[in-house]
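Nothing in this text is a laboratory measurement; each read-out follows from the coordinates by a stated rule. Keep in mind that what you see is a predicted model, and the values were worked out from it rather than measured. Positions of Cβ are backbone-derived with ideal geometry, glycine not excepted, and every protein chain shown enters the neighbour counts.
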Protein chains: 4
Amino acid sequence: MELGVIGLGRMGRIVVDRVLDAGHDVVVFDIDDAAVADAADAGARAADSIPDLADSLGEDKRIWLMVPAGDPVDAALDELDGLVDGDDVVVDGGNSHFEDSVRRAKATDAAYLDCGTSGGPAGAELGFSLMVGGPQWAYDELTPVFDAVATGPAGHDRMGPAGSGHYVKMVHNGVEYALMQAYGEGFELLANGRYDLDLEAVSRTWNNGAVIRSWLLELCEEAFREEGNDLGDVADRVEGGSTGTWTVQEALEQEVPVPLIYQALAERFGSRADDGRFSRRLASRLRYGFGRHEVPRRSE
Amino acid sequence: MELGVIGLGRMGRIVVDRVLDAGHDVVVFDIDDAAVADAADAGARAADSIPDLADSLGEDKRIWLMVPAGDPVDAALDELDGLVDGDDVVVDGGNSHFEDSVRRAKATDAAYLDCGTSGGPAGAELGFSLMVGGPQWAYDELTPVFDAVATGPAGHDRMGPAGSGHYVKMVHNGVEYALMQAYGEGFELLANGRYDLDLEAVSRTWNNGAVIRSWLLELCEEAFREEGNDLGDVADRVEGGSTGTWTVQEALEQEVPVPLIYQALAERFGSRADDGRFSRRLASRLRYGFGRHEVPRRSE
Amino acid sequence: MELGVIGLGRMGRIVVDRVLDAGHDVVVFDIDDAAVADAADAGARAADSIPDLADSLGEDKRIWLMVPAGDPVDAALDELDGLVDGDDVVVDGGNSHFEDSVRRAKATDAAYLDCGTSGGPAGAELGFSLMVGGPQWAYDELTPVFDAVATGPAGHDRMGPAGSGHYVKMVHNGVEYALMQAYGEGFELLANGRYDLDLEAVSRTWNNGAVIRSWLLELCEEAFREEGNDLGDVADRVEGGSTGTWTVQEALEQEVPVPLIYQALAERFGSRADDGRFSRRLASRLRYGFGRHEVPRRSE
Amino acid sequence: MELGVIGLGRMGRIVVDRVLDAGHDVVVFDIDDAAVADAADAGARAADSIPDLADSLGEDKRIWLMVPAGDPVDAALDELDGLVDGDDVVVDGGNSHFEDSVRRAKATDAAYLDCGTSGGPAGAELGFSLMVGGPQWAYDELTPVFDAVATGPAGHDRMGPAGSGHYVKMVHNGVEYALMQAYGEGFELLANGRYDLDLEAVSRTWNNGAVIRSWLLELCEEAFREEGNDLGDVADRVEGGSTGTWTVQEALEQEVPVPLIYQALAERFGSRADDGRFSRRLASRLRYGFGRHEVPRRSE
């Protein structure tokens, strides 16, 4: 089959390569000409613009958007407006908020599939996990493409109607934050505990048969191998947080307690409090208030 | 009545003054001669040593220990060994672990009262809150002294048998950690929120009629007045933690969830992690592992 | 001076009484005729409708809304539309979301004061704590009324521009949740700990001089006195949560960690999970998965 | 080589079978004669008693204890006392506290290896992850046995001196609690969220390529397949907790914050509070105290 891919960043390019490898035709567009040329070298057909891409696809167009969440998705859909109809399918493979996907599914003339994509750069070889929301017929139509982009047929599934793919991906990411912090707590204790341990060896031993073995734990093993047992100069500053924030917001809306996910997110915020945590500074001062305990001061 | 006081630190001295003010006789001893001389100037009788103090009290000796928790309490009791009997009463007014108090109550020839003392230096004028454990008769005997040291009759009570006074004080302190952190979170949000607020004015307004008014909130008001709206050079470093740790340990033993108390304690630990939190450094590195997100590095 | 009060529920009526007691004139309206008649008996002037109330106030109208947050506030403002102008002042004393207050301040022809009100029914005698946002001149104009409704001059203050009053009240409530849960944890440990304790006596002793003394702790003391040491038939179900949810949402927005406030809110959600917590049910089943531990089942 | 195995419970028996399969000789003892007979049928040599087992091993005895942690380990070591010497090696493959292992390593005449064992019943086919503490020479001697019991050479490693094996296993279990609860939170949100989802399909999709794929997530998938999408009659009651408690106790000792591990443990405690959570009952009553909110009561 034939697929148009808009957006040739790291993830978009992996999509292109995997779909080409599976023997399908791919038309590509990106605002970066070099990225387009590069994909053309790899076997894709180059388009000059989004209309050109739409035009070069026949009837029953299948288009995969792999652009940053937010305005770029809306901008691409605006350009497709009038060029696609109800027999066409547009896939948003980025990290959009599920409510945006619900809105876009309504506003787009084509059938719309929101597709949560997990697996990171490693997916280039292994394939991704794809959580898809939208009409069943559109999901069925795209199955050959999903088979190629995912780890295989087991690596993708239709979660439900519009928005459900990005909804499940949002929760996936919330869980991801908590898992990372949970492993981190374990290693923090081992790094500060009673024994002088080789944390790469600990990770490796755990990854071979232990209950907590996982891909994230393999990444811990890799991190200790590459950064050293004390993580070298990796700073105590965790960036990101939007999908975790969305998860907690939705959990508030649904009145579902998610204390571990919340705490993992709060640790990120805390790591970025460059002037120190006000709450703790106040607590320290209160200890003087009621107990005349000496207050540690910032050195000048 | 007549009271011997061993230990003339800040808190011991307040005990001496309040008991003298109530018209009782006080005999004092401390290893610091100057502290003894000072108390003598205030109207107490000086003793040269613990045996001398015991000796100078008549029959039915009543002795208040106000020495640091731990070895100093045992050392004082060792010196009293053989000098007191079952008609005498020893009060431990310090921050001892309740299990030590249970042990000491068994090992001491005198009746033993463990007395949790709360109120800090402000208690000099207002009197303390006293949580007392031990035999009822001994508590009754000491009532005039407790009336004087506490805010009055409502400021002291017998909690139960040996250890219960320090047990209730331990839990008091665990709650105290959580209250401080709770106020801290509120002010941290106000300090980083949408409005440019005068936090002393906020505290004062709250302290006059709001549901969350409290003595700790009065101390917050004082802190903002004395340190400034941004707490000036108060460092993000909260010292202490032993009674909070005891509280969490006991809650683990009793299988009672205390997530707020735990988190408040964990914030103290976190504030003292001078090399950064290992857990967060690992989480940051893992974001590279699965997403090739750039890793913030410590500047050299 | 003369004040119109719209809304004669429990809180509105307290406002009326306190303003009358301070010697001011009050015109009242409520959709409940009986409430209006009752307030008229107490010395207020009755109005038949909101337009009637506006009409019966002279120039420079001062109107206090004490209606439930949300649509009722907008409905009252709609009725006032065209009847008030820029020399008039409308106060919203309810629990509105600060963003609604910002919006209303813009949309209303009168000067608009958002007034967070804390203190509950006890405020009838003691007066409230009032956190006010909006124009300085309007706050100044209303000072005699605020003096009457608050605990006195120290019980009210202008926090800042539009919305800041309800913003500070929102954070107040978030802190309130955490304080309640913190005391609750302490008493839960005492109730399940090593000693058979009289929790009313513990509360009373703490309230007299201890560091954690507070109005909420006085309410704990009252609760144990009225419900018994085991809280009798009080159910494990905590209702409410909107202002706490707003606080956490705002903290997410500002990236400020509020783990204690979050956890206190999550406990409320958890107490209302009538079919049990799914997360724990899954954890229990996983223990079978990796360890063949027996899974507790719901009895039929 | 030749190995004595004491304890033929589920885990001990797996050890026997895997060591036999690897071509080694095994002598077995258990207080349950049937278990001994059964292992003998499988090719092990039966011993009548611990002394008989020790006797039937030649010089340089290698003995694996797989008995419940606590007194049974000490009882077995008592029986071995005098029958083993410094050339012999005893392995404790159970879930002992690391401090007990340190003590036993000192008290035992044989070399002592504490061996944390993870993998559960699934280890019968896959092999276990083995975290070993104790003398290097003894670890080296036992390598053929560890190769057989573990998933292979990568599935076991020497962590460090006495106690380190059980120390690392303790932390492993603490992390395990947090991971389980983290997945549980995600699925709780999905089960109560906006879409009607097939949680087995979600798990399967995640397990094929997603960042959070893991063995525990495979067990989630299995749980939904076997119990149904709503987990059927699985109760909200999570048993166990000793190794998690040890982890938190050690983290308190080392002053390392472990909020996610703590919260996961606290959820277990909370799930077992059969009379409801006192803290929340008090919070509910306090809402009446300050706001006259109706208090939900237990139905009679």
Let me confirm one metric for peptide C:152-160, namely the mean number of other chain beta-carbon atoms within 10 Å of its residues' beta-carbons. 5
³J(HN,Hα), Karplus 6.51/-1.76/1.60, whole Hz, each residue of the stretch D:152-161, x for Gly, Pro: x, x, 6, x, 8, 7, 7, 7, x, x
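Could you tell me the convex hull volume per residue, in Å³, taken over the Cα atoms of the stretch B:27-157? Numbers along the way, then the final one.
Values: hull volume 14.0 nm³, N = 131.
Cα-based convex hull of the stretch B:27-157, divided per residue, equals 107 Å³.
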Reduced to Cα centres, the span from the stretch B:65-125 to the stretch A:206-252 in Å works out to 49 Å
Given contacts defined as C-alpha pairs under 8 Å and at least six residues apart, what's the relative contact order of the stretch B:1-105, whole-number percent? 27 percent
Please build a GNM for chain A, connecting alpha carbons under 10 Å apart, and tell me which residue among A:207, A:95, A:173 fluctuates the most. A:207
So who's got an amide H within less than 5 Å of the one on residue C:27, skipping anything under 5 residues away but keeping other chains? H placed 1.01 Å off N, in plane. C:3, C:4, C:5, C:45
Gap separating the Cα centres of the stretch B:9-28 and the stretch C:279-300, nearest whole Å: 60 Å
Convex hull volume per residue for the stretch C:89-150, taking Cα atoms only, in Å³: 69 Å³
What percentages, rounded to whole numbers, describe P(r) for the stretch D:52-106 computed over all alpha carbon pairs with 10 Å bin width beginning at zero? 22, 59, 19, 0
Taking each residue of D:120-126 in turn, how many C-beta atoms of other protein chains fall within 10 Å of its C-beta, and what is the average? 4
So, over other residues within a Cβ distance under 10 Å of residue A:188, counting Lys, Arg +1 and Asp, Glu -1, the net charge is +2
Ordered shortest first, which distances in nm separate the 7 Å Cα→C-beta label point of residue B:31 from those of the other copies? 5.1, 7.3, 7.5
For the stretch C:108-244, the Kirkwood Rh over every pair of distinct alpha carbons, in Å, works out to 17.2 Å
Per the stretch D:166-300, sqrt(5λ) over the Cα gyration tensor eigenvalues, sorted largest first, in Å, gives 30, 25, 13
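How many percent of the alpha carbon pairs in chain B exceed a separation of 24 Å?
Working: 27129 of 44850 pairs.
Here the long-distance tail beyond 24 Å is 60 percent of all Cα pairs in chain B.
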Using a Gaussian network model of chain B whose springs link C-alpha atoms within less than 10 Å, name the residue from B:189, B:65, B:83 with the highest mean-square fluctuation. B:189
Please list the non-local residues whose amide H lies under 5 Å from the amide H of residue A:91, H modeled 1.01 Å from N, same-chain partners needing a gap of 5 or more. A:63, A:64, A:65, A:113
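Once you keep just the Cα pairs under 8 angstrom separated by 6 or more residues, what percentage relative contact order results for chain C? Kindly include the intermediate steps, with their values, before the conclusion.
Values: 472 pairs, mean separation 33.8, N = 300.
Once divided by the residue count of chain C, the mean separation gives 11 percent.
For the stretch B:246-292, state the semi-axes of the equivalent ellipsoid (square roots of 5 times the eigenvalues of the alpha-carbon gyration tensor), sorted largest first and rounded to whole angstrom.
Details: eigenvalues 181, 39, 11 Å².
With the √(5λ) rule applied to the stretch B:246-292, the semi-axes are 30, 14, 7 Å.
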Is it possible to state the helix-based mean residue ellipticity at 222 nm for chain B, with each DSSP H run of 4+ residues giving -39500 (n - 2.57), the sum divided by total residues, to the nearest 500 deg cm²/dmol? What is it? -16000 deg cm²/dmol
Run through the other copies and list how far each one's label point is from that of residue B:56, in nm with one decimal, shortest first; the point sits 7 Å from Cα along Cα-Cβ. 7.8, 7.8, 10.2
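Which order do peptides A:66-74, C:213-221, D:286-294, C:158-166 fall in by mean Cβ count within 10 Å, highest first? Please list the in-between numbers first.
Working: A:66-74: 17.0, C:213-221: 22.3, D:286-294: 18.8, C:158-166: 25.7.
Top of the packing list down: C:158-166, C:213-221, D:286-294, A:66-74.
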Which three numbers, in whole Å and largest first, are the semi-axes of the equivalent ellipsoid of the stretch C:26-85 derived from its Cα gyration tensor as √(5λ)? 18, 15, 9
Would you please calculate the Kirkwood hydrodynamic radius of the stretch D:164-243 over all C-alpha pairs and express it in Å, rounded to one decimal? 13.9 Å
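Over 62 Å apart: what share of the alpha carbon pairs of the protein assembly as shown falls there, rounded to a whole percent?
Every Cα pair in the protein assembly as shown considered, those over 62 Å come to 18 percent.
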Teacher prompt: residue B:106 distances to equivalent labels in other copies, 7 Å Cα→Cβ, nm: 2.3, 7.1, 7.2
Residues whose placed amide H lies under 5 Å from that of residue D:162, excluding near-sequence neighbours: D:134
Considering chain D as a Gaussian network with a 10 Å cut-off on Cα pairs, which listed residue, D:87, D:198, D:38, attains the greatest mean-square fluctuation? D:198
Let me have the relative contact order for the stretch A:114-153, percent, based on Cα pairs under 8 Å that are six or more residues apart. 40 percent
With respect to the symmetry axis carrying chain B onto chain C, which residue of chain B exhibits the smallest Cβ distance to that axis, and what is the value in whole Å? B:214, 2
